[in-house]
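Notes to accompany the following structure.
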Amino acid sequence: MRSPFRLSDPKRGRDLADAIRILAPPEPFKIVHVCGTHEMAITRNGLRRFLPETVDLLEGPGCPVCVTPARDIDTAIEIARTGAIVCTFGDMMRVPGSETSLDGARSEGCDVRTVLSAADAVDVARQKSVEEVVFFAVGFETTAPTTAAILLDAPPPNFSVLLSHKQIPQAMAALLDLPNSRIGAYLAPGHVSTIIGTHGYWSWLASFRVPIVVGGFEPLDILYAIALILRQHRDGVPKIENAYPRAVSDRGNPAALALIARVYEVADVAWRGIGTIARSGFRLRDAFAPFDARSRFTLELPEEESEIPGCRCPDVLTARAVPTDCPLFATRCTPLSPVGPCMVGSEGACSIWFRYGGRKSL
Ligand code: SF4
């Protein structure tokens, strides 16, 4: 199968759609991707209409703000209530914690600011040499190196980090073992893979047992990756394939990986809707402990609400439901009035399906 070097080519698109139709198994087959940008491209371009009835394509835990646990949001809110300035990405502001959101804390009078990067938060700390400034660091392997780089660049003493970065391959492996996961294959995320490379999945290969194909974000990239997945499934030999070689190498980005290794230790961390996943996140190495917001502030956290009544985000985030399976979708829960995290984040499946439409059935 030829790689789609020309990204806008109707004939190539038709050929890939034909290949998908021919390669599709007669039995139900579920492909899961773990990237909000993939969901956006799939839904906005209506790519699910090219899939035969037996093939489903769902977003799993690919939205970084959606998988940030309520406990971490509660911690950020309590830090803000001490009088510290909390900086984070805009998508985090309305994600519900146990009692309220960061936006809610701001309406109480807390100083919560949106920034575009960890470097912006350091700038705030430098301007405010007395007040504490905390960067609430969320995201996957794509954003973890930038937080690490900031900590290696001698930030001011009034700066600290509330670390909530996560690693995608470990979550992909964990999802396979959940009851009723029925995951037949993974479309692996293009962005994360530019950092970890295809090697980043190798150590998890034994856990995976399913085809994994790294895909890009153009419609032809995605159709091509799906065709490769179905060919692997037909041949019965799951492996890791790279359908995005113009951006992803085997080794990934060694400089970014070195930053991660210098600043973080691997840790077991909680994912919203999934629970704690072994070795799926980070904690700061001892040398950076003075910048750990969790130890800098003494906090009394509220009782954690583990579930939002009626919200099916845990099932959406584990690819066991699609947004329209939730009775609150587009009724009580909309982007203007979100009930769960998947309707807040611009990369959340519910938010994307609300804006662009999706396919109802699993
Ligand atoms: S529609 Fe709203 S309440 Fe339902 S799963 Fe999505 S975010 Fe949660």
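A Förster radius of 22 Å combined with the Cβ-Cβ distance from Asp235 to Val266 puts the calculated FRET efficiency at roughly 0.05.
Close amide H partners of Asn242, meaning residues 5 or more places away or on another chain with modelled amide H under 5 Å apart, are Val214. Cβ under 14 Å from Met40's Cβ, Met40 left aside: what net charge do those residues give with Lys, Arg +1 and Asp, Glu -1? Overall, the nearby charge balance is -3.
Annotation: aspartates and glutamates with alpha-carbon distance below 20 angstrom to Lys30 (same-chain offsets under eight excluded): Asp18, Glu39, Glu53, Asp56, Glu59, Asp177, Asp221, Asp235, Glu241, Asp315, Asp325.
Remark: the chain carries a charge dipole of roughly 1360 debye about the Cα centre, counting +1 on each Lys and Arg Cβ and -1 on each Asp and Glu Cβ. Taken per residue, the accessible surface of the range 23-307 reaches 39 Å², heavy atoms only and a 1.4 Å probe. What the phi angles of the range 80-85 give under the Karplus curve with 6.51, -1.76 and 1.60, with θ = phi - 60°, is a coupling list of 4, 5, 6, x, 6, 8 Hz, glycine and proline written as x. From most to least packed by mean Cβ count within 10 Å, the peptides 229-235, 29-35, 333-339 give 29-35, 229-235, 333-339.
Could you give the longest part of the chain that holds none of the GluC sites (Glu not before Pro) found in DSSP loops with at most 10 neighbouring Cβ atoms within 10 Å? Free of exposed loop sites, the longest segment is 54-299.
Sort the chain into rounded, prolate or oblate with this rule: let a ≥ b ≥ c be the square roots of the eigenvalues of the Cα gyration tensor; rounded if a/c is under 1.5, and if a/c is not under 1.5, prolate when a/b is larger than b/c, oblate otherwise.
Prolate is the answer for the chain, as a/c is 1.5 or above and a/b outweighs b/c.
Given R₀ = 41 Å, what would the calculated FRET efficiency be for Asp123 paired with Arg182, taking r from the Cβ atoms and rounding to 0.05? According to the calculation, E is roughly 0.30. Phi-derived couplings, Karplus 6.51 cos²θ - 1.76 cosθ + 1.60 at θ = phi - 60°, listed residue by residue for the range 91-96: 4, 6, 4, 9, 6, x Hz, with x used for Gly and Pro. In plain terms, the chain from Arg14 to Thr324 could stretch by 108.7 nm, reckoned as 0.36 nm per residue minus the Cα-Cα distance.
Quick check on the range 257-344: take the gyration tensor over C-alpha atoms, sort the square-rooted eigenvalues as a ≥ b ≥ c, and tell me if it's rounded (a/c under 1.5), prolate or oblate. Verdict is prolate for the range 257-344. Taking only protein heavy atoms and a 1.4 Å probe, the accessible area of the chain is 52% carbon and sulfur.
Entry note, the chain: the mean residue ellipticity at 222 nm calculated from DSSP H runs of n ≥ 4, each adding -39500 (n - 2.57), is -9500 deg cm²/dmol after division by the residues and rounding to the nearest 500. About its Cα centre, the dipole of the range 3-73 is roughly 280 debye, where the only charges are +1 on Lys and Arg Cβ and -1 on Asp and Glu Cβ. The HN-Hα couplings worked out from phi for the range 154-164 by the Karplus form 6.51 cos²θ - 1.76 cosθ + 1.60 (θ = phi - 60°) are 6, x, x, x, 8, 9, 8, 10, 9, 7, 9 Hz, whole numbers, x standing for Gly and Pro. Between Arg49 and Leu299, the simple spin-label model (points 7 angstrom out along Cα→Cβ) gives 4.6 nm.
The values are calculated or read from the model by the stated rules, or taken from the named source; none is laboratory data. Here the structure is a predicted model, which means the values were calculated and not measured. So basically every Cβ, Gly included, is an ideal-geometry build from the backbone, and we count neighbours across all protein chains shown. Please note that ligands, DNA and RNA were not included when accessible areas were found on the heavy atoms of the full protein model with its side chains. Shrake-Rupley method; radii C 1.70, N 1.55, O 1.52, S 1.80 Å.
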